[in-house]
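Laboratory data are not the source of any read-out in this text; all were calculated from the coordinates shown. Keep in mind that what you see is a predicted model, and the values were worked out from it rather than measured. Note that we place each Cβ from the backbone using ideal geometry, even for glycine, and neighbour counts take in every protein chain shown.
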Amino acid sequence: MVKVGRMMKFLDEYHDPAAMKILVQSLHQTARQPWTIMEVCGGQTHTIVKHGLDRLLPPSMELLHGPGCPVCVTPLEVLDKAIEIAARPEVIFCSFGDMLRVPGSGSDLLSVKARGGEVRVVYSPLDAVALAERYPDRSIVFLAVGFETTAPANALAVWDARRRGLKNFFVLVAHVLVPPALRALMATPDHRMQAFLAAGHVCTVVGYEEYEPLAEEFRVPIVVTGFEPLDLLEGIFLATRMLEEGRWGVENQYCRVVQRQGNLVARRIVDKVFTVVDRPWRGLGVIPRSGLALRDEYSSFDADRHFCLETLPVVESTVCMSGEVLRGRIKPRECPAFGTQCTPLHPMGATMVSSEGACAAYYHYGNQEDTPSAWIPPKKVASELGV
Amino acid sequence: MGKVDFGGVRRLVCLEAVPDVAVGDYVLVHVGMALARIDEAEAQRVFALLSELERAEAGLPPRDSTGAEERELSEPQPVALVAAAQDGESGANDEIPG
C-alpha cells in the first residue's frame, strides 16, 4: 500500500504493534501442544514472512505454506500455450504482470515481448476487453488464471465481450478452486496439517459453506482469515484455541469482508460463464472438479479452441522442488537450488517468481535467524515478550 | 463503474457485484472489480476480541460488550470511495492474489 502521509482506514489499525502483542501473549498462553497450521494463500505467506509473524509464535508451533498461489499452480502446458499464442503477429497478449517471467518449457512471456511479440500487462481483464474494442483488427488474448477471487472479473470480461459483440477477444483459461485442493491435501495420508487458515479473499466471493463439510469430514479447524498482520495473528489464535479445545469447524476471522454465502452477485456472474472441470495443478497433479472452464455457449471466446493448440510435451526442471513447497512438505530453504541457482531474477520455478510464491517470500524477506526482520514492530513485540 | 481512491491513486472500478455500495464506502477491490463493501461494525470485532483477551490476561471477568466502544477509528477520507484491500507495494497491477 502506497501511503501518502495519511492513515488508511481498515489497514493501519491491523498493523498495530500493541494489538499484536496482546494476541501473541494470548497465543503463548493458549498453545500447550506443538500445533502445525497451514495458511492456504500465498498472500498470507508473504505477510507472515515479511513481518516475521512466524517468529512470534510459541517455538513448538509451525506454519506450513499452502498452494494458494495462482501463478505457482498454473500448469506448464498453459504457459507454453500462452507463449506460443503471444508470439503470433496478429495477437496482443494481455496478462497480469507476474505471469510474464514464469518459465515455460523453453521460454517465458517476457522473452516473447523482448523478441517483438506484443505482450501487455493489464490491471484488469476488463482493460483487455477495452483493447479488443479499440483494435478490431487484432486478436486480444487474456491469460485468465487465478482462484475464485479473480473469477468474477474474468467472467465479467467474457460476458461483456459477448454483450459488445466482440469477435476478437479470447481467454486462455486456467482457473482453479481452493476447496478441492484442500480436500486433496487433507486426504494425503502423511500430511502434517492440523488446522487451516482459509484465504479471506477467496471466501469473499464464494463464502465458506463449502468448507464446513471439509472441516467435519477431516475434523479440522478452518479459520477464514484476512491478510494484514493482525488478521493473521488472530486467525492463528482462533485456530489454536479450537485445537486446544478439541473442536473443529469453520470460524470467520475476516468478518469485516466475508459473509458465509460469499458475494451472491459475483457467484452468479461466475456461474453464468464458467463451469466446474477437472484441472491439473502444477506440482500437485490433476485434482477432480478443481477448476473452471468456459461454458459451451461462451466457447467462441476460448483461446485454446480458436488457435487450435496442441498440447506439447513439457519440460519441468529436475532440480526445482516447488511441488513439495506447495504441498507444505518442505520449506523453501530445503530446496538445494534456493537462493543459488534459483533466484527471483533467474527463477527455476513459479514459487520463486510470483509475488505470492513462498520461495519468493523467503528470498525477499530473509526469515533467517541472523537476518533482521524487514519490519520493526514485530521485533519490538518479540523483544518485549522475550520470544 | 465507479471511481475508487486507492490511498491517493484513483481509478474506475466495476461495482456490478456490490449493488448496495454508496459514496464514501470502503470496498475490497480485486483486478478492477469491487467484491465487497467493508463492514464497519464487523471491523470492530477484532478489537473486541483483543479487549476480551486483555481483560482475561489481567484476570478480569469478560465484559458484556458489543465491542463498539473499544477503539476510535480515523474519519473516512473525503473521497468518493476508498479501497482498502489488496496491498501492492510493487503496484497493484502485477499481482494476482488468490
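What to note about this one:
- For GluC sites (Glu not before Pro), the sites in region A:1-105 that DSSP calls loop and that have at most 13 other Cβ atoms within 10 Å are A:90.
- Tensor-based shape of region A:174-235 (alpha-carbon gyration tensor, a/c under 1.5 rounded, otherwise prolate or oblate): oblate
- Exposure proxy order (Cβ contacts within 10 Å, fewest to most) of B:14, A:94, A:308, A:69: A:308, B:14, A:94, A:69
- Cα-based helix-to-principal-axis angle, A:76-86 vs chain A, degrees rounded to 10: 40
- Convex hull projection area averaged over all views, region A:134-223, Cα basis, nm²: 7.3
- Taking Cβ separations below 4.7 Å as the criterion for a possible disulfide partner, the isolated cysteines in chain A are A:41, A:94, A:203, A:255, A:308, A:320, A:335, A:342, A:359.
- Trypsin sites (Lys or Arg not before Pro) within region A:225-260: DSSP coil, no more than 14 neighbouring Cβ in 10 Å: A:247, A:260
- Computed Rg/Rh of the protein assembly as shown, alpha carbon atoms with Kirkwood Rh: 0.96
- Rounded to the nearest whole angstrom, the semi-axes of the ellipsoid equivalent to region A:72-185, taken from the Cα gyration tensor as √(5λ), stand at 23, 20, 10, largest first.
- Cα-only Debye scattering, region A:103-147: base-10 log of I(q)/I(0) at q = 0.14, 0.23, 0.25 Å⁻¹: -0.41, -0.94, -1.03
- In terms of surrounding Cβ atoms within a 10 Å radius of their Cβ, A:140, A:269 rank from fewest to most as A:269, A:140.
- Coil-residue trypsin sites (Lys or Arg not before Pro) of region A:179-224, DSSP, other Cβ within 10 Å capped at 16: A:192, A:219
- Sorted fewest first by neighbouring Cβ atoms within 10 angstrom, A:99, A:242, A:186 come out as A:186, A:242, A:99.
- For chain A, share of DSSP beta bridges that run antiparallel, in % to the nearest 5: 20
- Counting only DSSP H runs of at least 4 residues, each contributing -39500 (n - 2.57), and dividing by the residue count of the protein assembly as shown, the helix-based mean residue ellipticity at 222 nm comes to -9500 deg cm²/dmol.
- Cut-off under 5 Å, modelled amide H: who pairs with residue A:223 long-range: A:196, A:197, A:198, A:251
- Among A:230-240, A:317-327, the order from most to least packed when residues are scored by Cβ within 10 Å on average: A:230-240, A:317-327
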